[in-house]
Amino acid sequence: ITFTEIKDIPKPHEEAQAFECKDKDGTHLGVLYMDFFPRNSKRGGAWCGTYRSQTYRDGKRLAPVVTIVCNFTKPSSGQPALLSADEAGTLFHEFGHALHNLFKDVHFHAVSGVPRDFVELPSQVLENWAFEPEVLAMYAKHYKTGEVIPADLVAKIQQTATFNQGFMTTELVAASILDMNWHDLTSVEGIDVNTFEKEQMAKIGLIEEIIPRYRTTYFNHIFNSGYSAGYYSYLWAEVLDKDAFELFKEK
């Protein structure tokens, strides 16, 4: 597939960019917006969404209009905006969601949605490529000299892959359990949020050094999106993405 920047198209903000995505035979697949930098009207974090989902109208494919929204540091004083390793991984993740939307070819909205554990598969599987040596050689270059990232530094990045994974998995599991426990309630009348959280985490023996990935008051996934009682799906998708990536490497 190819991406070609489109200049003369309406944009959500003057800093956003738009690209036409074409398949290998030149067929139009859709439009992708990239909206990278923070502003007062934007919430935090990074996500992928659609201004228009793919569907069919009068027998013809209606192409999707997709957007990737981030909060990366804005360039200043003529310097480029450089991404941290974590931000690079985030960009690969959201681009996986974008590809999922751009490749869609369904006739009915009712069946174009997929189970939650699959929603995070295209995004999380793409993260596996972000720090592969062959891929790093394509994009991880010194912004002044153009020198490709040294092999010894790549090796160090690879070695850190398992660092702190116990902590990260535990905080994710804790958030998943907190999600489930909120949705087990039949009433929240008179409930104190902090007390409820503390009680639920005490039940599972969560140590004070680790808190859930998201606290209740900003747990957007479960109170303002389709992940209610389903935040655990990120973990299951990780099982699927590791299996898929393993298969890719084998083949």
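When its C-alpha radius of gyration is set against 2.2 N^0.38 Å (N residues), segment 1-112 gives a value of 1.15. Among the trypsin sites (Lys or Arg not before Pro) found in segment 8-104, those both in a DSSP coil and sparsely packed, with 14 or fewer other Cβ atoms within 10 Å of their Cβ, are LYS24, ARG39, LYS42, ARG43.
Which residue, THR27, THR67, THR186, tops the fluctuation ranking in a GNM of the chain built on C-alpha contacts under 10 Å? Checking each option, the largest mean-square fluctuation is seen for THR186. Taking amide H atoms as placed 1.01 Å from N in the peptide plane, the amide H of THR67 lies under 5 Å from those of TYR33, GLY49, THR50, TYR51, each 5 or more residues away in sequence or on another chain. As a length-normalised measure over Cα pairs under 8 Å and 6 or more apart, the relative contact order of segment 17-104 settles at 29 percent. Anisotropy class assigned to segment 33-166 is prolate, per the alpha carbon gyration tensor with a/c at or over the 1.5 cut-off and a/b larger than b/c. Binning the C-alpha pair distances of segment 1-61 at 5 Å intervals from 0 yields a P(r) profile of 4, 14, 21, 23, 18, 11, 5, 3, 0 %, listed from the shortest bin outward. Once each of the GluC sites (Glu not before Pro) sitting in a DSSP loop with at most 13 other beta-carbon atoms within 10 Å is removed, the chain keeps 16-146 as its longest stretch. Give the shape of segment 145-225 as rounded, prolate or oblate, defined through the alpha-carbon gyration tensor: a ≥ b ≥ c are the square roots of its eigenvalues, a/c under 1.5 means rounded, and otherwise the shape is prolate if a/b is larger than b/c and oblate if not. Note, shape of segment 145-225 comes out prolate. Using C-alpha pairs below 8 Å separated by at least 6 residues, the relative contact order for the chain is 14 percent.
If you take the alpha carbon atoms of segment 115-251 and fit the smallest convex hull around them, that volume is 157 Å³ per residue. Amide hydrogen proximity for LEU62: with H placed 1.01 Å from N in the peptide plane, the residues at 5 or more positions away or on another chain lying under 5 Å are THR55, TYR56, ARG57. Among the listed options (i) 32, 26, 20; (ii) 27, 24, 17; (iii) 36, 21, 18, the one matching semi-axes √(5λ) of the Cα gyration tensor in Å as calculated from these coordinates is (i). Springs between Cα atoms under 10 Å define the GNM used for the chain, and in it the highest mean-square fluctuation of GLY96, GLY190, GLY26 occurs at GLY190.
Applying a DSSP loop filter and a limit of 16 other Cβ atoms within 10 Å to the trypsin sites (Lys or Arg not before Pro) in segment 123-222 leaves LYS144, ARG215. When the pairs LYS22/LYS249; LYS11/LYS74; LYS24/LYS144; LYS156/LYS249 are compared against a 23 Å limit on Cα-Cα distance, LYS22/LYS249; LYS24/LYS144 fall above it.
Summary value for segment 153-251: 37 percent relative contact order, contacts being C-alpha pairs under 8 angstrom separated by 6+ residues.
Find the centroid of the Cα atoms in segment 164-181 and in segment 234-251, then give the distance between the two in whole Å. The two parts, judged by their Cα centres, are 20 Å apart. Calculation over all alpha carbon pairs of segment 168-208 in 10 angstrom steps from 0 returns a P(r) of 26, 58, 15, 1 percent.
We did not get these values from a lab; they are worked out from the coordinates using the rules stated. It should be emphasised that the depicted structure is a prediction, and the values quoted were computed from it without experimental measurement. As a convention, Cβ positions derive from the backbone with ideal geometry for all residues, glycine included, and neighbour counts pool all protein chains shown.
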